[in-house]
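Asker: The structure follows.
Computed from the coordinates by the stated procedures, all read-outs in this text should not be read as laboratory data. Being a predicted model, the structure only gives us computed values, none of them experimental. Neighbour counts are summed over all protein chains in view; Cβ atoms, including those assigned to glycine, are modelled from backbone coordinates with ideal geometry.
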Amino acid sequence: MVSLLSDTLRLGNAFHELDQSSTVSKNSDQTYILTVAIAGCIRESLSPEHLSFWREQALIVAYRAIPWKYVEPTTANTRLFLPHLKHAVQAFQDDFEHLPISTRADLALTLIEASRFPDMAWKRFAVGQAELSVLGLQDWYLRSCIAQSRCLLSRIAGSLDQAASSLGDLTSDLSAAKKLLEDWSPLNQSPSSMEEVVLFRKNMILGRILRFQGEFTESLTHLEIARKTTEKRKDLIFDEDLRDVTCDLADTLRELDDPTSAEHDLRTEIARRDQSCISSLGRSLLELSLAEALFAQGRLKEAERLCLDVQSRPGLLKFEKLRLHITLAKIRHVDSENQGALSYWSEAMGAIGKFPMTSGRTTRIIVMSICDTLGCLGHNWLMHESQRQVASLDELAKPGGIQYWIAGLRHWLEYL
């Protein structure tokens, strides 16, 4: 089976023969559907032992088609496997205990890996099935992986209480997070591949935290180290993280008043993704960061075109919507299109409400921008009400939190 599945030509010929005999039908998206009547005949022709064996093989083939991050490349077709994996797992979920322990562990870890793909319904399914697949196994590593994944899901969904209960503790103190990262180091001077991945993540997250704290030069140093790791370790695959590293680098360069270098890095990564036929998912974040770099250079029309293109895409992430509205609001604001600016600032205000872990600084700047726009429109009473809201946000601001979250808002505050 391994040799057949690994040989594209043989596999294609086999499917062609099945299609010619009407055993399967081919769809326009290059997928195949097994004829219901044929499937029933095949099941009836197999003994219970053989049927159980082939069901297990189908499950193994389905879950092993999912690439593991950093060690296996994803392709444009990776997500086509997810419906097959879901079908195979659902068909087997009452019989997980009959699988070998090693297969159950492998399945659970692969489902956790697969939970990185969108959307939330799929993430919840994958983690839930991972938990079911290891019921009764006394494996603390698997249990900790599942607990961590449940915490992440709760955090993405905005359920902070549930996230805290998943891991026992949760903190938004950036200084504490920074210390935890700085305290970690490889066991030896020559890090293993796994340690290289951890070092990469350490520098990437440290770079982000330092930018949040306003330590932009130090942030750039860590982000450059992370990027060099991706260039040096050709045996590891960093495609899924390069978008975030590039955006963080560009945003830090923007804060350091070097939007030209930010633009260069972003265009280079966008071109690399296009040439490598990497999934278009994630492109919006790169282009929104690029729009800010263009805005910083006074190239408002180019920035606006990028933003409007992003705006036309379905299924934008929460952060993409927030950044999109902020950038378009700034463009309208600078162009004195006050009604349009107010509309986008209001959209940004609604979007930021979905991020409860920020310190309030970004919200304060958005409200100040709304105040300025209301003043220009002559809505003085509403302007004074918004000013009172700014004062209350000043009182709620806490130390140790995120100070510089959205790149460019520090400069925007000076503009106001």
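Asker: How high is the relative contact order of the chain, given as a whole-number percent (alpha carbon pairs under 8 Å, six or more residues apart)? Mind showing how you got there, number by number?
Answerer: Values: 431 pairs, mean separation 42.4, N = 416.
The value is 10 percent.
Asker: Would you look at the GNM of the chain, springs on alpha carbons closer than 10 Å, and say which of Ser115, Ser175, Ser22 moves the most?
Answerer: Ser22
Asker: Setting aside same-chain residues fewer than 8 positions from Lys26, which lysines have a Cα under 29 Å from its Cα?
Answerer: Lys86, Lys123
Asker: A further question follows. Using Cα-Cα distances under 8 Å and only pairs 6 or more residues apart, what relative contact order does region 77-159 have, in percent?
Answerer: Values: 55 pairs, mean separation 23.6, N = 83.
After rounding, I find 28 percent.
Asker: Mind telling me which of Ala91, Ala108, Ala341 comes out most flexible in a GNM of the chain, alpha-carbon contacts under 10 Å?
Answerer: For the chain, modelled as a Gaussian network with Cα springs under 10 Å, the answer is Ala91.
Asker: Can you sort Leu80, Leu322, Leu409, Leu199 from fewest to most other Cβ atoms within 10 Å of each residue's own Cβ? If you can, show how the numbers build up before the last one.
Answerer: Working: Leu80 13, Leu322 25, Leu409 22, Leu199 18.
Neighbour counts put them in this order, fewest first: Leu80, Leu199, Leu409, Leu322.
Asker: Okay, moving on. Just to be sure I understand: with springs between alpha-carbon atoms less than 10 Å apart, which residue in Gly12, Gly360, Gly350 has the highest mean-square fluctuation in the Gaussian network model of the chain?
Answerer: It is Gly12.
Asker: Suppose only helical runs count, i.e. DSSP H with n ≥ 4. What mean residue ellipticity at 222 nm does that imply for the chain under -39500 (n - 2.57) per run, divided by all residues and rounded to the nearest 500 deg cm²/dmol?
Answerer: Details: 21 runs with 291 residues, N = 416.
So the calculated ellipticity at 222 nm is -22500 deg cm²/dmol.
Asker: A follow-up question, please. Mind checking which lysines have their Cα closer than 22 Å to the Cα of Lys232? Skip sequence neighbours fewer than 8 apart in that chain.
Answerer: The reachable lysines, counting only those whose Cα sits under 22 Å from Lys232, are Lys69, Lys202.
Asker: Given Cα pairs under 8 Å that are at least 6 residues apart, what percent is the relative contact order of region 266-373? Mind showing how you got there, number by number?
Answerer: Details: 89 pairs, mean separation 20.7, N = 108.
Taking the mean separation of contacting Cα pairs over the length of region 266-373, I get 19 percent.
Asker: Where in the chain are the helices, taken as whole DSSP H runs, whose Cα atoms extend 15 angstrom or more along the long axis and whose Kyte-Doolittle mean reaches at least 0.5? Present the calculation step by step, with values, prior to reporting the outcome.
Answerer: On the way: long enough: 8-20 (18 Å, -0.52); 48-64 (24 Å, -0.27); 81-92 (17 Å, 0.47); 101-114 (19 Å, 0.86); 120-133 (20 Å, 0.04); 140-157 (25 Å, 0.41); 193-213 (30 Å, 0.27); 216-232 (24 Å, -0.76); 239-255 (25 Å, -0.88); 259-275 (24 Å, -1.54); 283-296 (20 Å, 1.01); 300-311 (16 Å, -0.21); 318-334 (24 Å, -0.12); 338-352 (21 Å, 0.03); 361-377 (24 Å, 0.96); 380-396 (24 Å, -0.70).
Within the chain the helices that satisfy the rule are 101-114, 283-296, 361-377.
Asker: While we're here: Ranking Val334, Val367 by Cβ neighbours within 10 Å, fewest first, what do you get?
Answerer: Details: Val334 14, Val367 22.
The fewest-first ordering by Cβ neighbours comes to Val334, Val367.
Asker: Mind sorting Ile366, Ile38, Ile209 by how few other Cβ atoms lie within 10 Å of their own Cβ, fewest first?
Answerer: On the way: Ile366 27, Ile38 14, Ile209 19.
Ascending Cβ contact count within 10 Å gives the list Ile38, Ile209, Ile366.
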